[in-house]
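Presented below is the structure to which this report refers.
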Amino acid sequence: MKKEIEFTINGKSRKLTVKPNELLLNVIREDLGLTGTKYGCGTGECGACTVLIDEEPVLSCLTLAITVDKKKVTTIEGIGTDENPHPLQQAFVETGAVQCGFCTPGMILSAKTLLDKNPNPTEDEIKRAIEGNLCRCTGYIKIIEAIKLASVRMGGRRK
Amino acid sequence: MLNDLEYFEPETISDVITFLAKHGKDTKLIAGGTDLLVDMKKGKVKPKYLVNLMKIPELSHIIEDGGGLRIGATTTFREIEESKLIKEKYPLLFEAARAMGTVQIRNMATIGGNICNALPSADIPPALVALDAKAKIVGQSGERFLPLEEFFVGIRKTALESDELIREVHVKSPPAGSGTAFLKIGRTASDLATLNVAVRVTLENNGACKEVRVVVGGGVGPTLIRSKRAETLLEGKILEEPLIEKTAREVSKELKPRPTSIRASPFYKIEVSKVLVKRALMKALGRAKAGEDR
Ligand SMILES: Cc1cc2nc3c(=O)[nH]c(=O)nc-3n(C[C@H](O)[C@H](O)[C@H](O)COP(=O)(O)OP(=O)(O)OC[C@H]3O[C@@H](n4cnc5c(N)ncnc54)[C@H](O)[C@@H]3O)c2cc1C
Ligand code: FES
Ligand code: FES
């Protein structure tokens, strides 16, 4: 029983036919070719598969694709480009907050939601916002620095 | 991966009930999917039909009503955590919701799913039991209310029939003179509780304890445990630290952690419970005295 769904992906409307047991993560990576979203644990623990649905971070490994009908999905590809990166992407690069990079897309999407709602977060608020994104490389310190830097550049934080 | 299945997206509760009456045994309801999809990925459950509850407007709300609160079954933990009403008037629910999962999980996970999955380590049930909450259950034969502690009948077993679902949770507002606290120990930020404790202390005008609830979860039995000993020992008394400490020791005797629990040994859970229950009682008492919770 396939079903056609229509949803917005990174600002563009898309129609797709999906089976009801297909996961959003697979549809994003395989059908849409957007491989910025990563497959880590598949069980909700690591946050590598984080995407935004209607501007809120959720886990695409535990979301059925069929349920995003009429919703707005944003992946890391939707917030900036190589030529014109999002201030968070720029800050992550400059600060050394990216090592292997596997956690980065999810980490940045979680941070983006935080800064969109709360332009001047405390360190504790930053830590809580990224509690669902595991990083095995950086030790988090650089990531927190990058989020603070982006917050300054986005006009939220006094230096 | 996930088994083949048929998917339905009803817009009303009565459509769900009609479907369940026909196909209840082969159907799984899905809300946030954070428990169900993990189980399906592991092949533990293979439903023929999946019925999504998230598109039913009448299931999602937080409403203040006649001295209490009605929380719709598909209300997410994030919605609970961010509700001003809950933070101000039901801080116990705020604390329990905030202690649950990660931002992403709280955006997806629902209160109904947390209750219906019936893990003895779930976070919101102890808080709800400490506030004498009831589940509003609907099915083919109409609706019924069940005190939440009676809803849990075993590990992942509930009092729901195959044609029933939880529609709402009703919570009484804590009586004047109440203080509450929720404490949790877990291995990581996102982990299920190794142990969790929800406490409500309600004081008389003269300072004596009028009513108390001490509810312990975290795999200390097939369901959470509402401590009767704590109620007997504390109600009617002036609460002071030595009595609270003694009570915490007594509560620990009611716990029956499984030796096979993966998160901690029975010995650890029992020892830690003494500390956690004492701390939660002291915190709730302090708040009751300060008139913080109402
Ligand atoms: C990484 C991770 C971390 C987690 N951390 C925690 C934690 O810290 N604390 C905690 O308590 N839990 C935790 N959980 C477990 C889970 O997120 C919660 O139990 C959640 O509340 C389940 O809700 P859901 O809406 O996702 O349920 P679903 O997975 O959609 O459903 C769960 C079960 O309930 C049934 N159901 C759902 N709604 C209803 C209804 N209204 N009526 C009848 N049946 C219904 C479904 O059929 C299914 O059997 C975690 C899970 C993951 C993956
Ligand atoms: S892959 Fe989704 S949380 Fe790990
Ligand atoms: S940079 Fe490697 S996991 Fe975070």
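The values are calculated or read from the model by the stated rules, or taken from the named source; none is laboratory data. Just so it is clear, the structure is predicted and the values come from calculations on it, not from any experiment. Here the Cβ is made from the backbone with ideal geometry for all residues, glycine too, and neighbour counts use every protein chain on show.
Give the residues of region A:33-59 that are away from ligand 3 (no atom under 14 Å from the Cβ), assigned to a loop (DSSP other than H, G, I, E, B) and either at pLDDT below 95 or among the charged types (D, E, K, R) (or both), sorted by residue number.
Once the filter is applied, which keeps residues that are away from ligand 3 (no atom under 14 Å from the Cβ), assigned to a loop (DSSP other than H, G, I, E, B) and either at pLDDT below 95 or among the charged types (D, E, K, R) (or both), region A:33-59 yields A:Asp54, A:Glu55.
Select from region A:91-111 the residues that are among the polar types (S, T, N, Q) and touching a residue at least 40 places away in the same chain (Cβ under 8 Å) and write down the one among them that is nearest to the other protein chains (Cβ to nearest Cβ).
Among residues in region A:91-111 that are among the polar types (S, T, N, Q) and touching a residue at least 40 places away in the same chain (Cβ under 8 Å), the one nearest to the other protein chains (Cβ to nearest Cβ) is A:Ser110.
Residue-by-condition table, conditions (1) away from ligand 2 (no atom under 16 Å from the Cβ); (2) within 11 Å of chain A (Cβ to nearest Cβ):
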residue	(1), (2)
B:Phe8	yes, yes
B:Glu11	yes, no
B:Ile17	yes, no
B:Lys22	yes, no
B:Leu36	no, yes
B:Lys42	no, yes
B:Val45	yes, no
B:Leu50	yes, yes
B:Glu58	yes, no
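Return the residues of region A:62-72 that are more than 8 Å from chain B (Cβ to nearest Cβ) and either on the phi > 0 side of the Ramachandran plot or within 15 Å of ligand 2 (Cβ to nearest atom) (or both); say none if nothing qualifies.
Correct list: A:Ala65, A:Lys70.
Starting from region B:184-195, keep only residues that are more than 14 Å from every other protein chain (Cβ to nearest Cβ) and touching a residue at least 24 places away in the same chain (Cβ under 8 Å), then list their pairs with residues that are within 16 Å of ligand 3 (Cβ to nearest atom) and not in a loop (DSSP other than H, G, I, E, B) whose Cβ atoms are within a distance under 7 Å, requiring at least 6 positions of separation or different chains.
Within 7 Å, no pair qualifies.
Kindly indicate which of B:Gly72, B:Gly32 is in contact (Cβ under 8 Å) with a residue 24 or more places away in the chain and either of a type in the set (A, V, I, L, M) or within 11 Å of chain A (Cβ to nearest Cβ) (or both).
From the options B:Gly72, B:Gly32, the qualifying one is B:Gly32.
Pairs please, first residue from region A:112-136 and within 17 Å of A:Met154 (Cα to Cα), second anywhere and within 13 Å of ligand 2 (Cβ to nearest atom), Cβ atoms under 6 Å, 6+ apart in sequence or on different chains.
Correct list of pairs: A:Thr113/A:Pro57.
When you check A:Leu25 against the structure, is it within 25 Å of A:Ile147 (Cα to Cα), within 17 Å of the chain's Cα centre (by Cα) and in contact (Cβ under 8 Å) with a residue 24 or more places away in the chain, yes or no?
no
Among the listed residues B:Gly33, B:Gly113, identify the single one that is on the phi > 0 side of the Ramachandran plot and surrounded by 19 or more Cβ atoms within 10 Å (Cβ to Cβ).
Only one candidate qualifies: B:Gly33.
Suppose we filter region B:150-185 for residues that are in a loop (DSSP other than H, G, I, E, B), surrounded by fewer than 19 Cβ atoms within 10 Å (Cβ to Cβ) and not β-branched (Val, Ile, Thr); how many remain?
7
Restricting to region A:1-15, give me the number of residues that are modelled with pLDDT under 95 and either more than 15 Å from A:Leu64 (Cα to Cα) or out of contact with any Ser or Thr (no Cβ under 8 Å at 6 or more places or on another chain) (or both).
Summing the residues that are modelled with pLDDT under 95 and either more than 15 Å from A:Leu64 (Cα to Cα) or out of contact with any Ser or Thr (no Cβ under 8 Å at 6 or more places or on another chain) (or both) in region A:1-15 gives 1.
Which ones in region A:130-146 are within 14 Å of another protein chain (Cβ to nearest Cβ) and more than 16 Å from ligand 2 (Cβ to nearest atom)?
A:Tyr140
Go through region B:116-149 residue by residue and tally those that are part of a strand (DSSP E or B) and surrounded by fewer than 22 Cβ atoms within 10 Å (Cβ to Cβ).
Final tally of qualifying residues: 11.
Looking at (1) within 14 Å of chain A (Cβ to nearest Cβ); (2) over 20 Å from A:Ser60 (Cα atoms); (3) within 8 Å of ligand 1 (Cβ to nearest atom), which one does B:Glu81 not meet, given that it meets all the others?
B:Glu81 satisfies all of (1) within 14 Å of chain A (Cβ to nearest Cβ); (2) over 20 Å from A:Ser60 (Cα atoms); (3) within 8 Å of ligand 1 (Cβ to nearest atom) except (3).
Just checking, does region A:28-46 include any residue being closer than 13 Å to A:Gly132 by Cβ, touching a residue at least 12 places away in the same chain (Cβ under 8 Å), under 16 Å from the mean Cα position of the chain (by Cα) and at the interface with chain B (Cβ under 7 Å from one of its Cβ atoms)?
Yes, the conditions are met somewhere in region A:28-46.
Take A:Asp82 and tell me if it is over 30 Å from B:Asp39 (Cβ atoms) and modelled with pLDDT under 95.
Taking the combined requirement at face value, the residue satisfies it.
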